[in-house]
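To start, the structure under review is shown below, and the notes come after it.
The values are calculated or read from the model by the stated rules, or taken from the named source; none is laboratory data. Note that the coordinates shown come from a computational prediction; the quantities given were computed from them, not determined experimentally. For neighbour counting, all protein chains shown are included, and Cβ atoms are generated from backbone atoms with ideal geometry for every residue, glycine included.
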Amino acid sequence: MPDIFFWMLSQLKRQSFSEVRCQQEYSGREEFNWDCKLLMTSEEALVFINEILNTNAGFAYNFARGPMESQTASATPHIPDLHNGTHYHEFMALLSRNRETKRYLEIGVEEGVLMSQIYADLAVGVDPAFRISANLAKNKRKTCLISATSDSFFADASLVANLSGAPDLAFLDGFHTYEFLLRDFFNTEAISDPRSLIIMHDCLPLNDVMAIRDLAEWRPKMMGTRFEKWWTGDVWKIIPILQKYRPDLKIVYVDCAPTGLVCISNLSPDNGVLKQKYHEIVKEFGEMPNDAANIDRMYSNIRITAASQITRGGEHRSFFRI
Ligand SMILES: C[S@@+](CC[C@H](N)C(=O)[O-])C[C@H]1O[C@@H](n2cnc3c(N)ncnc32)[C@H](O)[C@@H]1O
C-alpha cells in the first residue's frame with residue numbers, strides 16, 4: 001500500500017508517483033511488514049530515486065496484496081483472500097436472463113432468495129426442508145416446489161417429469177459434502193441436454209475451517225474466524241474428481257462472492273462413469289485429507305474467471321456451449 005497522503009497529493013497535482021521504502025533503521029516503533037517489493041538501504045534509495053528522476057521512469061507498485069501484510073511466504077499461497085466478483089445471486093439472475101432460460105432446476109432452495117431472482121419460463125425447486133420467504137413466482141411463468149431430498153427426486157420419474165424436459169440451467173446447492181454433490185451432479189447431467197449448464201455453489205472455500213464436513217465440528221471452530229457462519233463443507237473435492245474422471249467436461253471457475261461458482265458445460269447425459277465408479281471415487285477422495293494443503297493444491301490447478309466477464313452482454317456464449 002503506498003503512502004495515501006503523498007499518492008493523493010500527486011494525483012491532485014497530476015504528477016506521476018513512485019514510492020521507495022527503506023529498511024527500518026531506527027527503533028522505537030514496532031517493526032512494520034510493509035507490502036513492498038522493493039526494500040533497500042537509504043543510500044541505495046537515493047541512487048534509485050536519482051535514476052527515476054533522470055530517466056523519468058516510474059516503477060510498478062504492487063497493489064495486489066492488502067496493506068501491512070506480512071512478507072512471510074504463506075503456506076497456502078493459492079487460496080484467495082476473498083472472491084471479489086459479483087454476488088452469486090446477481091450473477092445467476094443475469095445469466096438466467098441472458099440465456100433466456102426455459103427450464104431451471106435448483107437443488108437446495110431453503111428460503112428461495114436465489115430462486116426468486118431467476119428468470120425462467122419454468123422453475124423447479126427441490127428441498128426436503130423449505131423455509132420460503134421470497135417471491136418465487138417472480139420473473140417466471142410457472143414455479144414448482146418439490147419437498148424431497150435430491151436423491152428421492154431423481155429416483156422418481158414422476159417428480160422429474162415436473163421439469164417437462166431437460167433443464168437448460170441447473171443450480172446445485174443441496175447437502176454440502178462431496179459425495180452428495182457428486183450424486184447431484186451425475187443425476188442432473190443424466191436428465192440434461194448436452195447444451196445444458198450446471199452450476200455448483202460453495203466449491204471454492206476460502207479456508208479449511210469453512211470446509212469442515214461435520215457441522216457439529218465446524219460450529220465451535222468457525223466462531224471468531226473472519227468468515228463466521230460460512231459453511232461450504234468439503235464439496236470442493238468435486239473439482240479434482242471431475243478433473244480426473246471427466247476431463248471431457250468444460251469447467252469454468254468463477255469468482256462470485258462469497259464462495260465461488262463452478263460452471264459445467266459440454267455435458268454428456270449418457271456418460272455413466274461417475275455413477276459406475278461412485279463407490280470407488282467416494283473411497284478414493286474420502287482418503288484425501290480435507291485440509292488447507294489440499295484445498296491450496298486444488299486452487300493451484302484451476303484458473304479463476306471474473307464473473308463480470310461472463311455476464312457482460314452475450315459473452316456467456318463464449319464460455320458455455322449453448
Ligand atoms: C444453502 S441452502 C440453499 C440456498 C439457496 N440455494 C440460495 O442460494 O438461496 C441449502 C439447502 O439445501 C437443503 N438440503 C439439505 N439436504 C438436501 C438434500 N439431500 N437434497 C436437497 N436439498 C437438501 C437444505 O434444506 C437447505 O435448505
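Taking only the range 267-283 into account, find how many residues are in a loop (DSSP other than H, G, I, E, B) and crowded, with 19+ Cβ neighbours inside 10 Å. Full working, then the answer.
First pass over the range 267-283, keeping only residues in a loop (DSSP other than H, G, I, E, B): 267-272, 277.
Still in the list and also crowded, with 19+ Cβ neighbours inside 10 Å: 267.
So the count comes out to 1.
Take the conditions in contact with a strand residue (DSSP E or B) (Cβ under 9 Å, 6 or more places away or on another chain), farther than 14 Å from Arg103 by Cα and without any contact (Cβ under 8 Å) to a residue 24 or more places away in the chain and apply them to Ala134. Does it pass?
Values: in contact with a strand residue (DSSP E or B) (Cβ under 9 Å, 6 or more places away or on another chain): no; farther than 14 Å from Arg103 by Cα: yes; without any contact (Cβ under 8 Å) to a residue 24 or more places away in the chain: yes.
For Ala134, the condition - in contact with a strand residue (DSSP E or B) (Cβ under 9 Å, 6 or more places away or on another chain), farther than 14 Å from Arg103 by Cα and without any contact (Cβ under 8 Å) to a residue 24 or more places away in the chain - is not met.
When Ala137, Ala148 are checked against the criterion of being within 21 Å of Phe186 (Cα to Cα) and surrounded by fewer than 16 Cβ atoms within 10 Å (Cβ to Cβ), a single residue qualifies: Ala148.
Which of the following residues is in contact (Cβ under 8 Å) with a residue 40 or more places away in the chain and under 24 Å from the mean Cα position of the chain (by Cα): Ser150, Ser116? If you could, list the steps in order and put the result at the bottom.
Values: Ser116 fails: in contact (Cβ under 8 Å) with a residue 40 or more places away in the chain.
That would be Ser150, the only listed residue that is in contact (Cβ under 8 Å) with a residue 40 or more places away in the chain and under 24 Å from the mean Cα position of the chain (by Cα).
Candidates Ala155, Ala120, Ala75: the one that is more than 30 Å from Ile295 (Cβ to Cβ), surrounded by fewer than 13 Cβ atoms within 10 Å (Cβ to Cβ) and either outside the structural domain of Asp208 (by TED's automatic domain parsing) or within 16 Å of the ligand (Cβ to nearest atom) (or both) is Ala155.
Here's a check for you: in the range 123-147, which residue that is small (Gly, Ala, Ser) and more than 15 Å from Asp173 (Cβ to Cβ) is farthest from the ligand (Cβ to nearest atom)?
Within the range 123-147, the subset small (Gly, Ala, Ser) is 123, 125, 129, 133-134, 137, 147.
Checking the rest, the ones that are also more than 15 Å from Asp173 (Cβ to Cβ) come to 133, 137, 147.
Numbers: Ser133: 10, Ala137: 16, Ser147: 10 Å.
This residue is Ala137.
Say whether the condition of being over 30 Å from Ser318 (Cα atoms), in the same structural domain as Asp193 (by TED's automatic domain parsing) and among the small types (Gly, Ala, Ser) is met by at least one residue in the range 268-281. Checking the range 268-281: not a single residue is over 30 Å from Ser318 (Cα atoms), in the same structural domain as Asp193 (by TED's automatic domain parsing) and among the small types (Gly, Ala, Ser).
Residue-level analysis places Ile132 outside the set of residues that are farther than 22 Å from Pro240 by Cα and buried (at least 24 other Cβ atoms within 10 Å of the Cβ).
From the list Glu106, Glu110, the one residue that fits, being within 23 Å of the chain's Cα centre (by Cα), within 9 Å of the ligand (Cβ to nearest atom), assigned by TED's automatic domain parsing to the domain that holds Asp184 and more than 24 Å from Phe319 (Cβ to Cβ), is Glu110.
Right, Phe175: crowded, with 21+ Cβ neighbours inside 10 Å and among the aromatic types (Phe, Trp, Tyr) or not? It is false that Phe175 is crowded, with 21+ Cβ neighbours inside 10 Å and among the aromatic types (Phe, Trp, Tyr).
Does Ile264 satisfy the condition of being in contact with a strand residue (DSSP E or B) (Cβ under 6 Å, 6 or more places away or on another chain) and assigned to a loop (DSSP other than H, G, I, E, B)? Break it down into steps so the answer makes sense when it comes.
Details: in contact with a strand residue (DSSP E or B) (Cβ under 6 Å, 6 or more places away or on another chain): yes; assigned to a loop (DSSP other than H, G, I, E, B): no.
So Ile264 fails the test.
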